[in-house]
Amino acid sequence: MTLSVQLAQGVATDTAADALIVGVFAGQVANSEALLALEDALGGGLLSHLKTSDFDGKLEQTQDVPTFGRVKSRRLLVVGLGPKADLDAPRVRSLLAAAVRSAQSSSTKSIALALPDPAPSLRAVGEAIILGAYKFSRYFTGDRKPKAELAKVTVLVAGKVTADQKKQLETGVAIGRAVCVARDAVNEPPNELYPETLAQIAQRIAKENGFKVKVLDKKGILAAGMLLHYAVGQGSTNEPRFIHLSYVPKKKKKKVVFVGKGLTFDSGGLCIKPAAGMGEMKSDMGGAAAVLGLMAAVGVIKPDVELHVLVGAAENMPDGAAYRPADVFGSLDGKTVEIINTDAEGRLVLADALAYAVSLKPDVIVDAATLTGAALVALGKTCSAFYSTDDKLAEALEASAKDAGELFWRMPLLDELGEQLKSDVADLKHTGDRYGGSITAALFLREFVGKVPWVHCDIAGPVLAERARGAYPKGGTGHAVLTFLHFVERLAR
Ligand code: BES
Ligand code: MN
Ligand code: ZN
């Protein structure tokens, strides 16, 4: 069942729902209309209870209050919104998503959400509801199967509901769903999500939004000259795919190509990874998920920007046909590459996709890839590393990440480290030494973007979360979808 989100003018006390969420600004407990109405309806005691629990509306404070049937909602969740002046879209998204997530129990079918006055961005509210309600439960059976599903969220505003508010909320809901496309793709197990089925997701997005889509299979990849991508896919019976999804509006201010690393599983190949943690490598298509999620969102926003999404999809496996260290391959760009470590497969697939991107003559290329463990060492699990050949673009990405409430930190393209990519037998080696591993990966990619202004995002950490936090659930987070969406909206301005 799909969750329905509605907007209504109303009082929290009159709204029937399994759980009622009330947002309160810092220091405003005694002035909150919703709380005062609830105080009355409950026959007193709410405000003093909040006081003895030290709840005063500070950021991220939450208080769960049973209503014992005295109001129409059985459960009340009071959420601290922090200072009134600071309630921007990222904060709304993260606070309300967390609130919706915690308001859910095995029997929650409906939630009412009482917004403070003045109401915050309803687009962010819509996003937050979908992001917070997200669950990946399709493989559960029996007792593990959720008993009830959240079917309805009613957003309550103080004033009269306007058509514009409704539109904003609907837009937010649709964007939230686009982010969940990326989450689902990351959460899917690799025996279900392999290059062919990843391509089917792209085809579905194309069909739903009227985009063009082209998919090359293994033979097609070889025929196109994407020899590095082909090499990486050699060792798996799940054959590689190259995906090209495009959105070409009538009015277009810019042409942008987004490239996603789509390794549906990365065993490391012959340079096989240790068993511990190998399963996490089902998320090695997080870059592909992000750019596909972006396209799903673009179908909603329809910006005045021509967009192309390219995904290099493959499974990196060891077998008799697998590529090996010391192999030398050509590439779509023409450069030859000496293979050093078969576990550095992502940059190979990306190199060909970037060369293909250049052939589309865009104004900007952005790539997203779960590229290096070194990015995690540098910035931790929650922040992406990004690189750019263009300061203006870097600033735009930084600002977009801020709007999205996602963590991206710019790293330097240190030319000095480029020495490490010199090969004795080919134009390039594809890895350097251990130190600066995220930087040398970026330097390798830079060899394939020609003169096109470029942003590279190493999103290895944040695509998969160990615990839920803010707008992110545990597991696939959908990281980078919103940042890229804001980036595109910025270019469309
Ligand atoms: N997919 C991995 C990077 C990765 C590591 C993503 C941890 C998420 C979490 C990538 O293909 C890889 O294996 N990179 C190697 C490169 C090395 C062999 C030069 C790495 O980072 O160890
Ligand atoms: Mn690898
Ligand atoms: Zn990988």
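On the stretch given as region 426-482, residues that are closer than 24 Å to K392 by Cβ and part of a loop (DSSP other than H, G, I, E, B) total 10.
For region 161-185, filtering for residues that are of a type outside the set (D, E, K, R) and open to solvent by less than 10 Å² (accessible area, probe 1.4 Å) leaves 8. The criterion of at least 1 residues that are small (G, A, S), open to solvent by 10 Å² or more (accessible area, probe 1.4 Å) and within 16 Å of ligand 2 (Cβ to nearest atom) is met, among helices (runs of 4 or more DSSP H) falling completely within region 342-405, by 373-379. Being small (G, A, S) and either within 16 Å of ligand 1 (Cβ to nearest atom) or in contact with a helix residue (DSSP H, G or I) (Cβ under 8 Å, 6 or more places away or on another chain) (or both) is a condition met by no residue of region 355-365. Residues in region 5-38 that are touching a Leu at 6+ places or on another chain (Cβ under 8 Å) and part of a loop (DSSP other than H, G, I, E, B): G10, V11, T15, F25, A26.
Table: residues versus (1) hydrophobic (A, V, I, L, M, F, W, C); (2) touching a strand residue (DSSP E or B) at 6+ places or on another chain (Cβ under 6 Å); (3) over 18 Å from A12 (Cβ atoms).
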| residue | (1), (2), (3) |
| --- | --- |
| S53 | no, yes, yes |
| V71 | yes, no, no |
| R74 | no, no, no |
| V79 | yes, yes, no |
| A89 | yes, no, yes |
| S94 | no, no, yes |
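Looking at region 183-191, is at least one residue modelled with pLDDT under 95 and among the charged types (D, E, K, R)? No, the conditions are met nowhere in region 183-191.
Here G44 fits the description: among the small types (G, A, S), without any contact (Cβ under 8 Å) to a residue 40 or more places away in the chain and either farther than 21 Å from S105 by Cα or surrounded by fewer than 19 Cβ atoms within 10 Å (Cβ to Cβ) (or both). Exactly one residue out of P249, P318, P303 is under 19 Å from L348 (Cβ atoms) and part of a loop (DSSP other than H, G, I, E, B): that is P318.
The values are calculated or read from the model by the stated rules, or taken from the named source; none is laboratory data. Bear in mind that the values here come from a model prediction, so they are computed numbers and not experimental data. In this analysis, Cβ positions are derived from the backbone assuming ideal geometry, glycine residues included, and neighbour counts consider all displayed protein chains. Calculation scope for accessible area: heavy atoms of the full protein, side chains included, ligands and nucleic acids excluded. Shrake-Rupley method; radii C 1.70, N 1.55, O 1.52, S 1.80 Å.
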